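Since the structure comes first, as structure tokens, the remarks are kept for the end.
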Amino acid sequence: MAVDFEPKILAFCCNWCTYTGADLAGLNRMKYPPNVRVVRVPCSGRVNPQFILRAFSRGADGVMVCGCHPGDCHYSTGNYFTRRRFMLMRELLEFNGIDPGRFHARWISGSEAAKFRDTVSEVTKIVKELGPTTTNRKDATNRKDATNRKDATNRHCEERSDEAIQNGSGLLRDSIPRNDRSDNDE
């Protein structure tokens with residue numbers, strides 16, 4: 001682990017509670033590590049697990065999802081969806097080769113500026129101990145190659161279907177066994 005390592009942490013914060021708490025911490029000039037980058041979302045329930053995976057793949061060392069306390073959601077049930085969704089997130093992270101200790105979900109209300117400060121400090125400390133995210137360039141290249149192959153395959157299929165439409169060949173019709181057809185060509 002590098003001595004000068006400062007983790008990059010992405011925090012998805014609910015507009016109605018946690019973002020307000022973060023703003024209040026700033027207004028009160030509370031000191032906390034500057035490692036966190038806040039992304040304001042309408043509700044913590046709107047944070048798709050793919051956003052978290054993408055954050056890690058783009059170089060984040062840690063990710064936080066922060067929302068209203070259960071029962072206090074501006075949208076009634078958003079944080080319940082968050083809680084259920086992110087109970088499984090740790091398994092998904094492990095499956096993708098990411099240490100689950102890099103992901104944190106917290107409930108912070110708009111009046112809890114001190115809790116936001118303490119949470120950011122705690123998460124920064126934990127992620128700093130874990131060290132930088134190890135991104136395997138070869139895996140990233142393989143994913144990129146796989147995406148390029150998939151795109152090429154899709155283009156090929158589109159070209160073939162366009163060609164079939166232009167030539168009038170019944171590729172789909174010809175793929176159905178004769179006894180299952182209900183056409184009047186015969």
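Quick notes
- Residues satisfying the stated conditions in the stretch 74-112, i.e. touching a Ser or Thr at 6+ places or on another chain (Cβ under 6 Å) and outside any helix (DSSP H, G or I): Arg106, Ile108, Gly110
- Here Arg102 does not fit the description of being surrounded by fewer than 17 Cβ atoms within 10 Å (Cβ to Cβ) and of a type in the set (Lys, Arg).
- Positions within the stretch 1-41 being over 19 Å from Asn79 (Cα atoms), β-branched (Val, Ile, Thr) and within 26 Å of the chain's Cα centre (by Cα), in sequence order: Ile9, Val36
- Of everything in the stretch 11-28 that is in contact with a helix residue (DSSP H, G or I) (Cβ under 6 Å, 6 or more places away or on another chain) and not aliphatic (A, V, I, L, M), the residue that is farthest from Pro70 (Cα to Cα) is Asn28.
Residues are listed down the side, and each one gets a yes or a no for (1) in a loop (DSSP other than H, G, I, E, B); (2) without any contact (Cβ under 8 Å) to a residue 60 or more places away in the chain:
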position: Glu6; (1), (2): yes, no
position: Ala11; (1), (2): no, no
position: Gly26; (1), (2): no, yes
position: Lys31; (1), (2): yes, no
position: Val38; (1), (2): no, yes
position: Leu53; (1), (2): no, yes
position: Phe56; (1), (2): no, no
position: Ala60; (1), (2): yes, no
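- Residue in the stretch 66-73 that is without any contact (Cβ under 8 Å) to a residue 12 or more places away in the chain and part of a helix (DSSP H, G or I) present: no
- Unmet criterion (only one of (1) out of contact with any Ser or Thr (no Cβ under 7 Å at 6 or more places or on another chain); (2) loosely packed, with under 15 Cβ neighbours inside 10 Å) for Ser57: (2)
- Test: Val41 is in the same structural domain as Met89 (by TED's automatic domain parsing), closer than 18 Å to Ile98 by Cβ, in contact with a Phe, Trp or Tyr (Cβ under 7 Å, 6 or more places away or on another chain) and buried (at least 19 other Cβ atoms within 10 Å of the Cβ): no
- Scanning the stretch 96-122 for residues that are polar (S, T, N, Q) and either in contact with a Phe, Trp or Tyr (Cβ under 7 Å, 6 or more places away or on another chain) or closer than 22 Å to Met30 by Cβ (or both) gives Ser109, Ser111, Thr119, Ser121.
The values are calculated or read from the model by the stated rules, or taken from the named source; none is laboratory data. For clarity, every value in this text was computed on a predicted model and none was experimentally measured. So basically every Cβ, Gly included, is an ideal-geometry build from the backbone, and we count neighbours across all protein chains shown.
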